[in-house]
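Right, one structure below, let's go through it.
The values are calculated or read from the model by the stated rules, or taken from the named source; none is laboratory data. In this text the structure is predicted, and so the values were computed from the model without any measurement. Positions of Cβ are generated from backbone atoms using ideal geometry, with glycine treated the same way; all protein chains shown enter the neighbour counts. Keep in mind that these areas ignore ligands, DNA and RNA; they rest on the heavy atoms of the full protein, side chains included. Shrake-Rupley method; radii C 1.70, N 1.55, O 1.52, S 1.80 Å.
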Amino acid sequence: MINFINDYNAGAAPEILDALVKINSQEFAPYGEDSLCDEARELIKFELERNDVDIHFMEGGTQANMTVISSALRSHEGVIATVSGHIATHETGAIESTGHKVITVPHHNGKMKIADIEEALAFHDDEHKVKPRMIYISQSTEWGSIYTKAELAEIYEFAQGHNLFLYVDGARLGAALTSKAADFTMADMAKYADAFTIGGTKNGIFIGEAVVITNPLLKTEFRYAIKQKGALMAKGWLLGVQFKELFRDGLFYRLAEYANNQSEKIKETLADIGVEMKSDSPTNQLFPIFPMSFIMELSQNFGFQIIEKVGDDQAVIRFVTSWATGDVAVSALIATLAKYRR
């Protein structure tokens with residue numbers, strides 16, 4: 001079975017594994033207050049072109065989202081997300097379990113529009129309803145699309161003008177930044193968000209997400225929130241060494257760019273055979289629509305997800321590439337796709 005199920009089903013990039021082996025016999029201070037985490041923070045700050053940010057390392061994306069959002073909101077406040085947003089669809093009510101409603105709005109190729117935020121604000125207009133206090137978006141989105149620099153700036157400026165925080169889930173930020181469609185940098189992410197994450201789990205490390213907080217209002221006592229949510233790792237240096245290696249010489253970008261390039265090869269084949277796509281994705285997730293008969297044929301040799309049915313006999317499936325997706329795997333999939341006839 002050749003897997004295109006997700007971008008975290010392999011272990012870690014060799015450079016990450018080597019870095020872990022090298023420090024395995026050393027001892028470090030606990031709870032993320034070690035020299036490796038400090039060095040990783042400084043490297044990330046260099047990428048952000050800012051020193052006035054707080055950076056915390058956590059094991060996973062759901063944990064990071066839950067901790068950031070719940071610590072930012074008062075008990076009567078909620079967070080606006082698209083109906084396809086990760087916190088609304090793939091986190092088992094993690095946000096709601098902390099007492100905060102996820103206010104969903106429509107998505108447009110995975111993205112949120114100002115008009116939809118305005119409608120949500122207009123509806124939640126008094127103390128009888130949850131008060132929106134945060135906007136949540138993903139970069140890249142659950143449909144593989146990306147927000148342009150102008151779109152990020154527009155949402156951030158709208159948020160500022162309406163007393164809202166903007167939080168960006170960057171579980172696949174590497175894929176977004178290295179996409180051929182990207183016109184923004186890591187520094188732009190820090191400029192146009194109150195807080196955001198830099199995903200490592202889906203970009204070549206064993207586990208780990210970096211939480212970057214730019215807004216001083218969200219920095220206060222954040223480590224207390226991390227501890228309360230069970231996210232303050234005793235061996236926090238395990239995360240620090242991985243992020244240090246990711247940003248020491250550009251590995252973070254190289255791994256993501258490789259995944260995008262492998263996806264692009266598959267995308268070109270899908271275009272050549274005239275397959276309809278559910279989403280226009282320039283990143284490492286692709287969403288072609290096939291008849292169920294061909295999907296069953298594909299499933300004999302390839303792993304992927306069926307996302308949603310389209311009519312009675314078609315479905316949207318998802319192919320995901322990663323740093324570990326080899327040329328042989330891509331060539332095998334392309335060869336099989338090339339046989340498809342509508």
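For the reader, a short list of remarks on this structure follows.
- Estimated from the Cβ-Cβ distance and a Förster radius of 45 angstrom, the FRET efficiency linking A271 and D312 is about 0.95.
- Spin-label pair A181-S35: with each label point 7 Å from Cα along the Cα-Cβ axis, the two points sit 4.4 nm from one another.
- Per-residue packing, averaged as other Cβ atoms within 10 Å, sorts the ranges 317-327, 135-145 into the order 135-145, 317-327, beginning with the highest.
- Residue ranges 226-236, 103-113, 187-197 sort as 187-197, 103-113, 226-236 when ordered by packing (mean number of other C-beta atoms within 10 Å per residue, highest first).
- Structure-based [θ]222 nm, the chain - -39500 (n - 2.57) summed over DSSP H runs of at least 4, per residue, nearest 500: -12000 deg cm²/dmol
- Count of Lys pairs (Cα-Cα under 24 Å; at least 8 positions apart or interchain) in the range 209-317: 11
- Shape category assigned to the range 1-96 from the gyration tensor of Cα positions, a/c cut at 1.5: oblate
- Each of I295, T283, V212 was placed along the dipole of the chain (beta-carbon charges, centred on the mean Cα), and the one lying farthest toward the positive end is I295.
- Note on V83/L217: beta-carbon distance plugged into 1/(1 + (r/R0)^6) with R0 of 22 Å gives a FRET efficiency of 0.20.
- Of G61, G11, G78, the one that fluctuates the most in a GNM where the chain has Cα springs shorter than 10 Å: G11
- Probe 1.4 Å, protein heavy atoms only - accessible area per residue of the chain in square angstrom: 44 Å²
- Convex hull projection area averaged over all views, the range 187-338, Cα basis, nm²: 12.2 nm²
- Antiparallel content of DSSP bridges confined to the chain, in %, to 5: 55 percent
- Carbon plus sulfur fraction of accessible area for the range 24-141, probe 1.4 Å, in percent: 48 percent
- Cross-link reach list, aspartates and glutamates versus K149, counting only Cα pairs under 17 Å and skipping chain neighbours closer than eight places: E47, E49, E157, D169, D183, D188, D194
- Projected onto their three principal axes, the Cα atoms of the range 80-172 cover extents of 36, 31, 18 Å, largest first.
- Ordering L20, C37, Y8 by Cα displacement along the dipole of the range 4-46 toward the positive end leaves Y8 in first place; charges were set at the Cβ atoms of Lys, Arg (+1) and Asp, Glu (-1).
- For the range 146-154, backbone phi angles converted through the Karplus equation (6.51, -1.76, 1.60; θ = phi - 60°) give residue-by-residue couplings of 10, 7, 6, 4, 5, 5, 4, 4, 5 Hz, Gly and Pro being listed as x.
- Where GluC sites (Glu not before Pro) fall in DSSP loop in the range 234-308, at most 14 other Cβ within 10 Å: E276
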